[in-house]
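The values are calculated or read from the model by the stated rules, or taken from the named source; none is laboratory data. These numbers were taken from a predicted model, which means no experiment stands behind them. As a convention, Cβ positions derive from the backbone with ideal geometry for all residues, glycine included, and neighbour counts pool all protein chains shown.
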Amino acid sequence: MTASIKMQSRIMDLFGHGAIANNLVIPLFGSLLLALAAQITIPLQPVPVTLQSAAALFVGMIFGPKMGVRIILAYLLEGLCGLPVFANFSWGLPVLLGPTGGYLLGFIPAAALSGYLLQNGWAKQRCTTFLAALLGTLVLFIPGYFVLAYFVGFHNAYLFGVAPFYLVESVKLILLTYSVPYFWRSTTG
């Protein structure tokens, strides 16, 4: 049994087993984590610095690629339906179709890729955990950059949507590298 399945099992022990826990409780729990991380922000324009990207990778890496994607989709659906879960308590279709929408949509492949890599042995060492988080971050930034470029041009998209994040994303990668293996060890021991 993989560590992500054991983590899901522990959460289901708290809330009950079965389809309700697996299909409702875990995605809501994970989406709440994303919503809280979105509010921890440094308000840069047009793309604020938040903990969302780290939380998106975290749920993929901890819960696995399938559940990670479910969590991200639940989060995006909550925001689309009018819950103020995006950065600065924003919500709605204009956010998803706006300058930062590519980053939000990039959470899906980022969580899937990093979760897949950890589920397939990359959680065993910090070096490979770091690489999984780095690859997930790169996958996240690709749609973010291109959607932002649509609004502000390619050069400005780099200046405002990529360059300001080098330092903060490096810190997030280090935090993921040291925290994720702890969760995997706690579920495999």
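Couple of notes before you dig in:
- Residue in the stretch 36-62 that is surrounded by the most Cβ atoms within 10 Å (Cβ to Cβ), counting only those that are hydrophobic (A, V, I, L, M, F, W, C) and part of a strand (DSSP E or B): V49
- Residue check for F151: within 23 Å of I26 (Cα to Cα), aromatic (F, W, Y) and surrounded by fewer than 18 Cβ atoms within 10 Å (Cβ to Cβ): no
- G144 surrounded by 13 or more Cβ atoms within 10 Å (Cβ to Cβ), more than 18 Å from P65 (Cβ to Cβ) and out of contact with any strand residue (DSSP E or B) (no Cβ under 7 Å at 6 or more places or on another chain): yes
- Test: residue in the stretch 86-102 that is touching a residue at least 40 places away in the same chain (Cβ under 8 Å), surrounded by fewer than 18 Cβ atoms within 10 Å (Cβ to Cβ), closer than 21 Å to S31 by Cα and hydrophobic (A, V, I, L, M, F, W, C): yes
- Just one residue in the set L83, L159, L176 is closer than 23 Å to I40 by Cβ and assigned to a helix (DSSP H, G or I); that residue is L176.
- In the condition set (1) under 19 Å from G98 (Cα atoms); (2) surrounded by 16 or more Cβ atoms within 10 Å (Cβ to Cβ), Q119 is compliant with all but (1).
- In the stretch 123-141, the qualifying residues are those that are surrounded by fewer than 22 Cβ atoms within 10 Å (Cβ to Cβ), over 14 Å from the mean Cα position of the chain (by Cα) and not hydroxyl-bearing (S, T, Y), and the one that is farthest from G161 (Cα to Cα) is K124.
- Scanning the stretch 122-156 for residues that are outside any helix (DSSP H, G or I) and modelled with pLDDT of 95 or more returns a single hit, G153.
- The C-beta contact set for the stretch 136-160 (first residue without any contact (Cβ under 8 Å) to a residue 24 or more places away in the chain, second residue surrounded by fewer than 20 Cβ atoms within 10 Å (Cβ to Cβ) and of a type in the set (G, A, S), distance under 6 angstrom, 6+ apart or interchain) comprises A157/A149.
Yes/no matrix, rows are residues, columns are (1) at pLDDT below 95; (2) of a type outside the set (V, I, T):
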residue: A21; (1), (2): yes, yes
residue: I26; (1), (2): yes, no
residue: F29; (1), (2): yes, yes
residue: V47; (1), (2): yes, no
residue: A55; (1), (2): no, yes
residue: M67; (1), (2): yes, yes
residue: G79; (1), (2): no, yes
residue: N88; (1), (2): yes, yes
residue: L113; (1), (2): no, yes
